[in-house]
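Input: a single structure, listed below in structure tokens.
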Amino acid sequence: MIWLPAYRNFQHYIDEGWSREPKESFKSVGEVLNQRFGDGNFDYLDVGCATGELINFVCQEYPNVRATGCDVFGTLLDRARNLLPIPKFIEASGTNLPDSLSDAFDVVTAVGVISIFGPDDLKCFWQNLTKVCRTSGIIIVLGPLNDFGVDTVIRHRKRMDGQLGEWESGWNVFAKETVTEIVEDLGWKIEIRRFSPRLELEPVADPVRTWTLPTAKNPWQLTNGLQLLVNHYLMIATYERVANQEPA
């Protein structure tokens, strides 16, 4: 058993509010949705929805969408309910989604969430996503992956304003192969696409959040105060049962 500290790095969602322009990650999710659901008539769940910024983007793009958001932090959900009174918001974890949501959604997203989970929770996370997504639907996960077949479990604590914080999780990076094996064992097919923001990001007060560092090969290489070079990927899962394969 690997001990992982709690994830606490969420206050900036409330302090900073929504971006003036849609985030590049949201646009990438939108491109996938356009390919699959051009008419925008679908049931949608965002796992780790925070204050509902991605849900707002999807609802703006697809006025007919029926949206639900879930998060483990009640303070984020309270803000989401104030900003978006129409979608449904529930307090739930990506590793423990209610049975009432089973087979209820055509689209399930989880953006910036996967790296929170440790190795003991990763399979459970994907099991829950496939549980709530219809087999005719699509799952879209965005987060960092390792290109060299290495699974990395990270804990960190940071000093801000001269104060030493507590240990936190939030930057675990799993190998592409690890995620692929989990998803395929569940009977789903996965496509992994490289995501690059293609814009310059400046460092902010919180050193754990990412910014861009120009390199010889990538002018928008993501990094952070953990001194990681971060490569983000879209993980797009669709149901494709292999012949004679039993459900996991």
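Selection over segment 98-127 of residues that are farther than 24 Å from Q35 by Cα and either in contact with a Cys (Cβ under 9 Å, 6 or more places away or on another chain) or not hydroxyl-bearing (S, T, Y) (or both) gives a count of 14. Tell me, yes or no, whether segment 144-154 has at least one residue that is surrounded by fewer than 15 Cβ atoms within 10 Å (Cβ to Cβ) and within 19 Å of T68 (Cβ to Cβ). Checking segment 144-154: not a single residue is surrounded by fewer than 15 Cβ atoms within 10 Å (Cβ to Cβ) and within 19 Å of T68 (Cβ to Cβ).
Here A50 meets each of (1) farther than 13 Å from T109 by Cβ; (2) in a loop (DSSP other than H, G, I, E, B) with one exception, condition (1). Screening E181 against (1) surrounded by 15 or more Cβ atoms within 10 Å (Cβ to Cβ); (2) not in a strand (DSSP E or B) leaves a single unmet condition, (1). Scan segment 78-125 for residues that are farther than 21 Å from N146 by Cα, polar (S, T, N, Q) and surrounded by 15 or more Cβ atoms within 10 Å (Cβ to Cβ) and the total you get is 2.
Scan segment 137-165 for residues that are β-branched (V, I, T) and either at pLDDT below 95 or part of a loop (DSSP other than H, G, I, E, B) (or both) and report the count.
Quick first cut of segment 137-165, residues β-branched (V, I, T) only: 138-141, 150, 152-154.
Checking the rest, the ones that are also either at pLDDT below 95 or part of a loop (DSSP other than H, G, I, E, B) (or both) come to 150, 153-154.
The qualifying residues number 3.
Scan the strands (runs of 3 or more DSSP E) fully inside segment 184-248 and keep the ones with 1 or more residues being touching a helix residue (DSSP H, G or I) at 6+ places or on another chain (Cβ under 9 Å) and at pLDDT below 95.
The strands (runs of 3 or more DSSP E) meeting that bar are 188-195.
Results for (1) buried (at least 17 other Cβ atoms within 10 Å of the Cβ); (2) over 23 Å from N96 (Cβ atoms); (3) more than 19 Å from the chain's Cα centre (by Cα), shown as yes or no for each residue.
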| site | (1), (2), (3) |
| --- | --- |
| K27 | no, yes, no |
| N41 | no, yes, yes |
| T51 | yes, no, no |
| V65 | yes, yes, yes |
| F73 | yes, no, no |
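Going by the structure shown, is F37 more than 19 Å from the chain's Cα centre (by Cα) and surrounded by fewer than 22 Cβ atoms within 10 Å (Cβ to Cβ)? Full working, then the answer.
Values: more than 19 Å from the chain's Cα centre (by Cα): yes; surrounded by fewer than 22 Cβ atoms within 10 Å (Cβ to Cβ): yes.
Judged against the criteria, F37 is a match.
Determine whether segment 108-116 contains at least one residue that is assigned to a strand (DSSP E or B), closer than 12 Å to A237 by Cβ and hydroxyl-bearing (S, T, Y). For segment 108-116, residues assigned to a strand (DSSP E or B), closer than 12 Å to A237 by Cβ and hydroxyl-bearing (S, T, Y): present. Does at least one position in segment 88-107 carry a residue that is of a type in the set (K, R) and assigned to a helix (DSSP H, G or I)? No, there is no match, as no residue in segment 88-107 is of a type in the set (K, R) and assigned to a helix (DSSP H, G or I).
The values are calculated or read from the model by the stated rules, or taken from the named source; none is laboratory data. Fair warning: this is a prediction, and the values are worked out from it, not measured in the lab. Note: ideal-geometry Cβ built from the backbone for every residue, glycine included; neighbour counts use all protein chains shown.
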